[in-house]
Amino acid sequence: MTSPKHSPGPWKMNVARSPASILDANSDCIAKVFLTDAVTKRRDQTHVANANLIAAAPELLAVLRLILRESDRLTEAEFQAAAGAISNAEGRL
């Protein structure tokens, strides 16, 4: 298993204004996500959901790694899908 190359988690989202800031464990901004629709200028729940998903990425990756290590009940296809998702997240396409 390789050590993470991404910013340390947990990540959190600061939604005080749009674009929202995704902050790493050191409170460094790692991404900005627009929460408002470009045309209507209103907050778009899809944009908010996308920002939440980005902020959850380190936790999701850690849990997926744990599942692969600890589970002997995965089918080969499930194992390969999880391993592939981890490779994508680590930039090892």
**Asked** Residues Ala49, Ala77, Ala38, Ala25: which one is in a loop (DSSP other than H, G, I, E, B), among the aliphatic types (A, V, I, L, M) and free of Cβ contacts under 8 Å to residues at least 12 places away in the same chain?
**Response** Ala38
**Request:** Answer yes if at least one residue in the stretch 55-66 is in contact (Cβ under 8 Å) with a residue 40 or more places away in the chain, assigned to a helix (DSSP H, G or I) and among the basic types (Lys, Arg), and no otherwise.
**Result:** yes
**Request:** Pick out the one residue from Arg92, Arg73 that is under 30 Å from Ala20 (Cα atoms) and among the basic types (Lys, Arg).
**Result:** Arg92
**Prompt:** If you take the residues of the stretch 16-64 that are of a type in the set (Asp, Glu) and farther than 26 Å from Gly84 by Cβ, which of them is most open to solvent (accessible area, probe 1.4 Å)?
**Reply:** Asp28
**Fill in**
Here the residues within the stretch 2-22 that are touching a helix residue (DSSP H, G or I) at 6+ places or on another chain (Cβ under 7 Å) and part of a loop (DSSP other than H, G, I, E, B) are His6, Gly9, Pro10, Trp11
**Prompt:** When Lys5 is evaluated against the numbered criteria (1) in contact with a Pro (Cβ under 8 Å, 6 or more places away or on another chain); (2) open to solvent by 100 Å² or more (accessible area, probe 1.4 Å); (3) closer than 30 Å to Leu68 by Cβ, which criterion, by number, is the only one it fails?
**Reply:** (1)
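The values are calculated or read from the model by the stated rules, or taken from the named source; none is laboratory data. Since we're looking at a predicted model, the values are computed, not measured. As a convention, Cβ positions derive from the backbone with ideal geometry for all residues, glycine included, and neighbour counts pool all protein chains shown. Surface areas here come from the heavy atoms of the whole protein model, side chains and all, with no ligands, DNA or RNA. Shrake-Rupley method; radii C 1.70, N 1.55, O 1.52, S 1.80 Å.
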